[in-house]
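What follows is a short report on a single structure.
The values are calculated or read from the model by the stated rules, or taken from the named source; none is laboratory data. Since the model is a prediction, treat every value here as computed from it, not as a measurement. Don't worry about glycine lacking a Cβ; one is built from the backbone with ideal geometry, like all the others, and counts go over all protein chains shown. Ligands, DNA and RNA are excluded from the accessible area calculation, which covers all protein heavy atoms including side chains. Shrake-Rupley method; radii C 1.70, N 1.55, O 1.52, S 1.80 Å.
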Amino acid sequence: NAGVTQTPKFQVLKTGQSMTLQCAQDMNHNSMYWYRQDPGMGLRLIYYSASEGTTDKGEVPNGYNVSRLNKREFSLRLESAAPSQTSVYFCASSVLSTGGGTGELFFGEGSRLTVL
Amino acid sequence: SQQGEEDPQALSIQEGENATMNCSYKTSINNLQWYRQNSGRGLVHLILIRSNEREKHSGRLRVTLDTSKKSSSLLITASRAADTASYFCATGSSGTYKYIFGTGTRLKVLA
């Protein structure tokens, strides 16, 4: 059971280059999320998708775009990478909760991105 | 700014002692969740408490929620060296599916 799979696990970019981080979940979850985590910090929400066909901005969306390709896949794109985007990126997915919002978030192992 | 703020930022205790971490948040929530992160790894879900619940237990974990004070606490009893990790609270704002994480508490349990 793969859970949440992120690719690539490591990437080094030069300033101005573009790249896409891929995320796929095999748990039939409705909601998917992209977070970034800087050293010694908590996670900051970049974008999320409550369900297939919808996407919404989180706390730090500038410099990023997302695509909810289908129910399984949610990609994060950096159009013109900047050193400030050096971070560890985590994808997560969740089912909707009967009490409102979503339930437990399941996380991938992270993608470590360095922008030189 | 982040929704959840944990306190303390760092905590160092001896094996067998209890560890208490606190989380404060700013808006109405659907639920509050606690996660653990071992160094260099992804986050692992520990426990979820709904806005209409006041206390929840799971093994050595006890979580309380006070919606009037917009705060929650996580108690780990009889701590073990393997509990050494960072602990984060995450809050789901009412009416949305957005989950915001706090800054985390780094727990070190000394053997």
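The table that follows gives values for the structure above.
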| item | result |
| --- | --- |
| Single residue of the range A:30-52 satisfying the filter (of a type in the set (A, V, I, L, M) and under 15 Å from residue A:62 (Cβ atoms)) that is nearest to the other protein chains (Cβ to nearest Cβ) | A:45 |
| Which numbered condition residue B:58 misses (of (1) touching a Ser or Thr at 6+ places or on another chain (Cβ under 9 Å); (2) closer than 20 Å to residue A:104 by Cβ; (3) of a type in the set (S, T, N, Q)) | (1) |
| Wholly within the range A:1-113, strands (runs of 3 or more DSSP E) carrying at least 1 residues that are within 22 Å of residue B:31 (Cα to Cα) | A:31-37, A:43-49, A:87-94 |
| Top-ranked residue of the range B:1-45 - restricted to ones that are without any contact (Cβ under 8 Å) to a residue 40 or more places away in the chain, within 19 Å of residue A:4 (Cβ to Cβ) and not charged (D, E, K, R), ranked as most open to solvent (accessible area, probe 1.4 Å) | B:44 |
| Some residue of the range A:66-88 being within 11 Å of chain B (Cβ to nearest Cβ) and within 25 Å of residue B:39 (Cα to Cα) | yes |
| Residue B:105 vs. criteria open to solvent by 20 Å² or more (accessible area, probe 1.4 Å) and of a type in the set (Val, Ile, Thr) | no |
| Residue pairs meeting the criteria (Cβ under 6 Å; at least 6 apart or on separate chains; first polar (S, T, N, Q), in the range A:40-59; second open to solvent by less than 50 Å² (accessible area, probe 1.4 Å) and assigned to a loop (DSSP other than H, G, I, E, B)) | A:51/A:30 |
| One residue from B:64, B:84, B:96 being surrounded by 15 or more Cβ atoms within 10 Å (Cβ to Cβ) and more than 15 Å from the chain's Cα centre (by Cα) | B:96 |
| Counted residues, the range A:33-59 - those being surrounded by 16 or more Cβ atoms within 10 Å (Cβ to Cβ) and β-branched (Val, Ile, Thr) | 2 |
| Selection from the range B:55-103 of residues that are basic (Lys, Arg) and either assigned to a loop (DSSP other than H, G, I, E, B) or away from chain A (no Cβ under 14 Å) (or both) | B:60, B:62, B:69, B:70, B:80, B:98 |
| Scan of the range B:11-47 for residues that are within 13 Å of the chain's Cα centre (by Cα), farther than 22 Å from residue A:59 by Cα and at the interface with another protein chain (Cβ under 10 Å from one of its Cβ atoms), ordered by number | B:46, B:47 |
| Number of the condition not met by residue B:106 [criteria: (1) of a type outside the set (A, V, I, L, M, F, W, C); (2) in contact with a Phe, Trp or Tyr (Cβ under 9 Å, 6 or more places away or on another chain); (3) within 30 Å of residue A:54 (Cα to Cα); (4) within 11 Å of chain A (Cβ to nearest Cβ)] | (3) |
